[in-house]
Each structure stands twice: as C-alpha cells, then as structure tokens.
Amino acid sequence: MHHLPDGFVAGIRTQLESDKSRFTLRIGELKLQDPFTNTDRVNDNAALDLEADEESAHDRTTALIGELKYKITEIDTALSRIAQGIYGICVSCGKAIDTDRLRAMPTAVLCRQCAAGKENKP
C-alpha cells in the first residue's frame, strides 16, 4: 500500500482546512452582497433597469456561491480520505497519485493517467 509522508499529508490537511475556512467566509460575504437578500431593497416598477442589474448580480453571486460550495465538497472529500488513510490513492485504478499532482491539486482523486483518460472520453 502506498504511504505518503506524514509531514506532507499534515501540510495538505492544513492547506485544505485553511481553504475551506476562506471559502466559507467568502460565501457569507457574497450572500451579504446579494441584492436579492438585501432587506432594504426598494421594489417599485420605475426601477426596472436597476432590477435587471440586480438580477444579473444575483445570478453571478449564485454561480460563485455554487462554485465555492463545490470546492468545499471536494475539500471535505479530501479531508475524509485523509482521515480514512486513503488520501493519495486513485479512486479509479488504486495506484498512488504522485505528490507533485497532490501539491498542485490537493483535492485530486485521480492519478494523472486516469485523469487524462477521463478527459479524452467524449
């Protein structure tokens, strides 16, 4: 069984936890900036242009929040795999994911070969 150095895994765990905290804070900030959650919002028909701008901002905010939530899910999966002692093992072929790949993409669950094969499929 492949075993990553403890110091390496501890460093990755710290980075993942830091990223998760940062993303969670950012989601809170984005929710506060969302015009559709603003209770002071004036709702009159004369402000159609403003409403269109607000809807566009709301859509962008919703998309950003969705992306951050997805990243948090990936982080949670990586943290769970660390806790289970299976971090760094490809979920497809069971081989070790190299440390350079994990350093660049700590949430990777596929080795380079399997990831490349997945990208080449239609």
Mind listing whichever residues of the range 42-61 are surrounded by fewer than 11 Cβ atoms within 10 Å (Cβ to Cβ) and either modelled with pLDDT of 70 or more or part of a helix (DSSP H, G or I) (or both)?
Asn45, Ala46, Leu48, Asp49, Ala52
Considering each residue of the range 62-92, count those that are touching a Cys at 6+ places or on another chain (Cβ under 6 Å) and surrounded by fewer than 18 Cβ atoms within 10 Å (Cβ to Cβ), and give that number.
1
So, of the residues in the range 73-108 that are touching a residue at least 12 places away in the same chain (Cβ under 8 Å) and of a type in the set (Ser, Thr, Tyr), which turns out to be farthest from Gln15 (Cα to Cα)?
Ser92
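The values are calculated or read from the model by the stated rules, or taken from the named source; none is laboratory data. Note that the structure is a prediction, hence the values are computed from the model and not measured. Reconstructed Cβ throughout: ideal geometry from the backbone, glycine too, with neighbour counts over all protein chains shown.
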